[in-house]
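Step one of this worksheet: look at the structure below.
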Amino acid sequence: MTTPRFRAYARAVAFGLMAALASVAQANSFEYEKYVFHYNALRTDELPVESTQKAGIVRSRNRGMINLALREKTADGGTVAVPAEISASAVNLNNQYRELTLREMRDGDAIYYIGDFPISGQETLRFQVNVLPEGAKKPFKVQFEKQFFTDP
């Protein structure tokens, strides 16, 4: 059971982190049937210190982060956040594989999934994300690529 103080803190952390992400990196999106899946990846040092501290993320040139969100299209042309089972992995150009651990964050009606990971040099990562929306019978996949520059 969570306390009202903890829930308020969690909302503040999620809101601060997502607001920071929105201002730093523009998300990409992928449409599948009635869903819109938003995704982005960036170095964690591009986020404000307060946001990373509250979310328990290490802020560093050598750490990357993905931010994922699933929304369902509504009859009125809008979208609503949808919970999902989401898993993600990344492979670099040397074929080194890494499974990413994702955490769900909620802020009011918004639901986000974030994960952080080590990066080095001029590393290009190919991400594969598997998404199973709540109530759906089959998952869908999203793939994207991001090059990170860690050298000053």
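The values are calculated or read from the model by the stated rules, or taken from the named source; none is laboratory data. None of these values were measured; they are calculated from a predicted model. Please note: Cβ atoms are built from the backbone with ideal geometry, for glycine as well, and neighbour counts cover all protein chains shown.
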When only residues in the range 80-109 that are β-branched (Val, Ile, Thr) and over 12 Å from the mean Cα position of the chain (by Cα) count, which is surrounded by the most Cβ atoms within 10 Å (Cβ to Cβ)?
-> VAL82
Go through the range 109-147 and give me each residue that's more than 15 Å from TYR97 (Cβ to Cβ) and among the hydrophobic types (A, V, I, L, M, F, W, C).
-> ALA110, ILE111, ILE114, VAL131, LEU132, ALA136, PHE140, VAL142, PHE144
Odd one out for LEU68 among (1) in a loop (DSSP other than H, G, I, E, B); (2) touching a residue at least 60 places away in the same chain (Cβ under 8 Å); (3) not basic (Lys, Arg) | (1)
Filter pass, LEU100 being under 15 Å from PHE127 (Cα atoms), modelled with pLDDT of 95 or more and among the hydrophobic types (A, V, I, L, M, F, W, C) | yes
Can you work out which of the residues in the range 34-65 that are charged (D, E, K, R) and assigned to a strand (DSSP E or B) is surrounded by the most Cβ atoms within 10 Å (Cβ to Cβ)?
-> ARG43
Among what's in the range 52-79 and is farther than 26 Å from GLU33 by Cβ and of a type in the set (Ser, Thr, Tyr), pick the residue that is nearest to the chain's Cα centre (by Cα).
-> THR52
Is it the case that ASN62 is in contact with a helix residue (DSSP H, G or I) (Cβ under 9 Å, 6 or more places away or on another chain), within 16 Å of PRO118 (Cβ to Cβ), of a type outside the set (Gly, Ala, Ser) and modelled with pLDDT of 95 or more?
-> yes
If we keep just the residues of the range 110-152 that are charged (D, E, K, R) and within 16 Å of the chain's Cα centre (by Cα), which is nearest to LEU47 (Cα to Cα)?
-> ASP116
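Yes/no per residue for (1) touching a Cys at 6+ places or on another chain (Cβ under 6 Å); (2) closer than 20 Å to SER29 by Cβ; (3) modelled with pLDDT of 95 or more:
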{"residue": "VAL49", "(1), (2), (3)": "no, no, no"}
{"residue": "GLN53", "(1), (2), (3)": "no, no, no"}
{"residue": "ILE86", "(1), (2), (3)": "no, yes, yes"}
{"residue": "MET105", "(1), (2), (3)": "no, yes, no"}
{"residue": "PHE117", "(1), (2), (3)": "no, no, yes"}
{"residue": "PHE140", "(1), (2), (3)": "no, yes, yes"}
{"residue": "LYS146", "(1), (2), (3)": "no, yes, yes"}
